[in-house]
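Here is the structure we will look at.
The values are calculated or read from the model by the stated rules, or taken from the named source; none is laboratory data. Note that the coordinates shown come from a computational prediction; the quantities given were computed from them, not determined experimentally. Note: ideal-geometry Cβ built from the backbone for every residue, glycine included; neighbour counts use all protein chains shown. The protein model used for the area step is the full one, side chains on, heavy atoms only, and it has no ligands, DNA or RNA in it. Shrake-Rupley method; radii C 1.70, N 1.55, O 1.52, S 1.80 Å.
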Amino acid sequence: MRLDVVSIFPDYLAPLDLSLIGKARREGLVDLHVHDLRDFTHDRHRTVDDTPYGGGAGMVMRPEPWGEALDHVVAAGAAAVGGGVPHLVVPGPGGRPFTQELARELAQQPWLAFACGRYEGIDERVYDEAREHMPVSVLSLGDYVLNGGEVAVLAMVEAIARLIPGVIGNAESLVEESHEDGLLEYPVYTKPPVWRGRGIPEVLLSGHHGQIARWRRDERLRRTAQRRPDMLAALDPAALDERDRAV
Ligand SMILES: N#Cc1c(-c2ccc3cc[nH]c3c2)n[nH]c1N
């Protein structure tokens, strides 16, 4: 997968050189290109913002640099990907919720581009123009306010890239994760068997895989009912067996 990110703070994306995503890049599973929006300005001060039409507080990101930056991303990426256009993802507090389901869908795409806004946002004409050339999705991490899109892109890239085959060494660890199948994950334990006087659930020492699987399923249901009753309510009833309903 090719990933392009445009930001006025390209160093914000440095964490994508680390850990599993960094390893995926070095192994060629992910081809990440970060672009500095200011490289697409032409004034001495490399200006990317201006005052909002209609007045109001704050500044708005100018359309010209964004237009040139996205033109560059499309041209450079098409040469590398062998044609086509990216799916453009623009993080924003007013976007559709970014969910595991969306992460799965976006992980199927060969090429994604992310536009990191700042200030009060990006001139709306940039979205309108982009939509004439590529799919555009405005997505939100959650119902709280950040200062810009970079943190959201870090989270989205990690959630998406980890689903690319080969990025996570053991695909088994992608199963039974929170949100993967509509339930939260079960509690996990490791050595020592007793820590500060606290033991671990006996069933986990039983070696009885069937009972362990049942206990873990029960814990997932209990946790989801306790912490995210909305997720439990949204579950397809067919996904729950009689034993589940008894938990
Ligand atoms: N995604 C997301 C966001 C944001 C966000 C994203 C981009 C910009 C650009 C200026 N301010 C921003 C806030 N706030 N809260 C979220 N869940």
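Accessible surface of the chain, 1.4 Å probe: 53 percent of it comes from carbon and sulfur atoms. Only Cα sites of the range 147-203 enter the Debye sum here, all with the same form factor; the resulting log10 I(q)/I(0) across q = 0.22, 0.28, 0.30 1/Å is -0.94, -1.11, -1.17, listed in q order. The coefficient of translational diffusion for the chain, derived via Stokes-Einstein from the alpha carbon Kirkwood radius under 37 °C and 0.692 mPa s, stands at 158 µm²/s.
Solvent-accessible surface of the range 2-161, averaged per residue with a 1.4 angstrom probe and all protein chains in place: 51 square angstrom. Using a probe of 1.4 angstrom and keeping all protein chains present, the accessible surface of the range 176-246 works out to 71 square angstrom per residue. For TRP195, TRP215, TRP111, the ranking by accessible surface with the largest value first comes to TRP195, TRP215, TRP111, using a 1.4 Å probe. Please build a GNM for the chain, connecting alpha carbons under 10 Å apart, and tell me which residue among THR190, THR224, THR51 fluctuates the most. Residue with maximal mean-square fluctuation among THR190, THR224, THR51: THR190. Within the range 132-247, the proportion of Cα pairs with more than 23 Å between them is 53 percent. Ligands, DNA and RNA aside, TYR144 has an accessible area near 120 Å² when probed at 1.4 Å. Rg over Rh for the range 35-166 works out to 0.97, both radii taken from alpha-carbon positions and Rh defined as the Kirkwood radius. Taking Cβ atoms as reference points and 13 Å as the exclusive limit, the residues near HIS208 contribute a net charge of +1, counting Lys and Arg as +1 and Asp and Glu as -1.
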